[in-house]
Amino acid sequence: MIVGVPRESYPGERRVALVPTVIPHLTKAGIEVVVEAGAGVEAGFPDPEYAAKGARILADRADVFRAADIIVQVLCYGSNDQTGKADVPLLRRGQVLIGFLRPLGALETIREIAATGVTSFSIEFMPRTTRAQSMDALSSMGTICGYKAVLIAAVDLPKIFPMLTTAAGTITPARVLVIGAGVAGLQAIATARRLGAVVSAYDLRPASKEQVQSLGGRFVELPIEAKDAQDKSPVLVTREMVANMAPGSVIVDLAAERGGNCEFTKAGQTIVEHGVTIIGLFNLATAVPYHASQMYAKNITAFLLHMVKEGKLQLNLEDEIIQSTLLTQGGEVINGRVREFFSLPPLVAEQKETK
Ligand code: NAD
């Protein structure tokens, strides 16, 4: 069983799907690793480090796809809408593809991937269960993002975060509000607290109150109306709210890529409205490529070890982890959640057989 690691091709992407330290764990399970030359360089993992752990370095991207039974990427075609299409002709029937595929993005793209006959697994659909925790790359990236979001806000804020008592007077601490105290939000609270800010947070889930408080945040109730939004983010910060904020305030909108949680947000841009800086940058995890890659590689390795036993791919379709993440197989989009989302008719049972 050979796992191939192509260099990420999305513009500005600096992460890599596997880092050298995970290779021995894969080797022990009968998995050989081939890496496209330079794949880990931007994340801080040069080729010789992979080679030292037993990986084969291949200069040509197409050779990596040719050699590999399983391709692992961070942004596969689907989530890589800029350059990902170039990989489609390199995929082949029965080959396995694992990575972020944006399964609820564009149906046409998912169908293109399906048409190659590749057995693809969408890491976004990893169930958030205890069993799958070690494979939950979305949570790993959320952690990195929550941290980075606060640092970005700190850079753009015309104030400092901590309270300071100096000979030039006392500086009051910055006040930070985190809306949504999930993985990214909790890490944002922790990071803002470490920088010395006074932090409040809000979440729809009552259970998050305790988590917020355990990180030293104050839990607040906000009259925000929650709407059921499938793949478009709900508006939580309206234009009026922004207009009422103090000039110089900063909003970091982590949902910018899917429409944004602030009405003013422009995806990929930083804008100023009513004196408030609204940051709509996405793919923040790529700005911390070393640890983002390390965490992603651990998640992917756990997933690989879950499905490869004694050097052989063993796909148990009864298994919740396999069933949830399996996106395409045998030329079809077979994921039930995706078929329902795009109103595709249900598949007949025979087509779901494993290879
Ligand atoms: P998560 O599912 O762990 O947390 C989301 C939290 O938001 C949950 O606790 C949920 O209860 C809460 N929530 C949902 N609707 C709400 C509402 N109307 N009001 C208040 N709280 C609400 O997700 P996460 O991994 O922490 O990601 C959080 C956000 O960051 C998502 O929008 C995700 O897409 C985005 N994200 C962005 C990047 C990036 O690069 N910009 C990277 C990772 C995650």
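Take the alpha carbon gyration tensor of region 208-330, find the square roots of its eigenvalues, order them as a ≥ b ≥ c, and report rounded if a/c is under 1.5; if not, report prolate when a/b exceeds b/c, else oblate. It is prolate, given that a/c is not under 1.5 and a/b is the larger ratio. How large is log10 of I(q)/I(0) for region 243-288 at q = 0.13, 0.33 Å⁻¹ when the intensity is taken from the Debye formula with one equal scatterer per alpha-carbon? Reported log10 I(q)/I(0), two decimals: -0.26, -1.16.
Dividing the mean sequence gap of close Cα pairs (under 8 Å, 6+ apart) by how many residues region 38-148 holds gives a relative contact order of 18 percent. One way to sum up the overall shape of the chain is the equivalent ellipsoid from its Cα gyration tensor, whose semi-axes run 39, 24, 18 Å, largest first.
Karplus-derived 3J(HN,Hα) values for region 312-326, using 6.51 cos²θ - 1.76 cosθ + 1.60 with θ = phi - 60°, are 10, 6, 10, 9, 9, 5, 7, 6, 4, 5, 5, 4, 6, 8, 5 Hz; glycine and proline are entered as x.
Label reach from Ala59 (point 7 Å along Cα→C-beta): in region 26-46, amide nitrogens under 20 Å belong to 34-42, 46.
In order along region 210-224, phi translates into HN-Hα couplings of 5, 5, 4, 5, 5, 8, x, x, 9, 8, 10, 9, 10, x, 9 Hz, rounded to whole numbers, per the Karplus curve 6.51 cos²θ - 1.76 cosθ + 1.60 with θ = phi - 60° and x for Gly and Pro. In plain terms, the chain from Ala287 to Lys28 could stretch by 90.1 nm, reckoned as 0.36 nm per residue minus the Cα-Cα distance. Projecting the Cα atoms of Leu97, Met141, Ile57 onto the charge dipole of region 45-144, computed from C-beta unit charges around the Cα centre, puts Leu97 farthest toward the positive end.
Full extension of the chain between Thr129 and Ala267 gives 46.6 nm of extra length, using 0.36 nm per residue less the Cα-Cα distance.
With 31 Å as the limit, the listed pairs Lys28/Lys209; Lys28/Lys148; Lys148/Lys298; Lys148/Lys232; Lys85/Lys148; Lys209/Lys309 have Lys28/Lys209; Lys28/Lys148; Lys209/Lys309 beyond it between alpha carbons. I'd like the FRET efficiency for Leu107 and Gln82, computed as 1/(1 + (r/R0)^6) with the beta carbon distance as r and R0 of 25 Å, rounded to 0.05. It comes out at approximately 0.85.
Projecting label points 7 angstrom from Cα along Cα→Cβ for Ala243 and Leu222 puts them 1.9 nm apart. Residue-wise HN-Hα couplings along region 254-263, as the Karplus relation 6.51 cos²θ - 1.76 cosθ + 1.60 with θ = phi - 60° gives them from phi, are 6, 9, 3, 5, 10, x, x, 8, 10, 4 Hz; Gly and Pro carry x. For region 102-187, taking Cα atoms only, Rg and Dmax work out to 20.5, 70 Å respectively. Placing +1 on the Cβ of every Lys and Arg and -1 on the Cβ of every Asp and Glu, with no other charges, gives region 203-304 a dipole of roughly 260 debye about its Cα centre. Beta bridges from DSSP with both residues in the chain: antiparallel share about 30 percent, rounded to the nearest 5.
Using the Cβ-Cβ distance between Glu320 and Thr172 with R0 set to 41 Å, the FRET efficiency from 1/(1 + (r/R0)^6) comes to roughly 0.25.
Each value in this text was obtained by applying a stated rule to the coordinates, not by laboratory testing. Predicted model only: the values in this text are computed from it and were never measured. Heads up, the Cβs are rebuilt from the backbone with ideal geometry, glycines too, and the neighbour counts pull from every protein chain shown.
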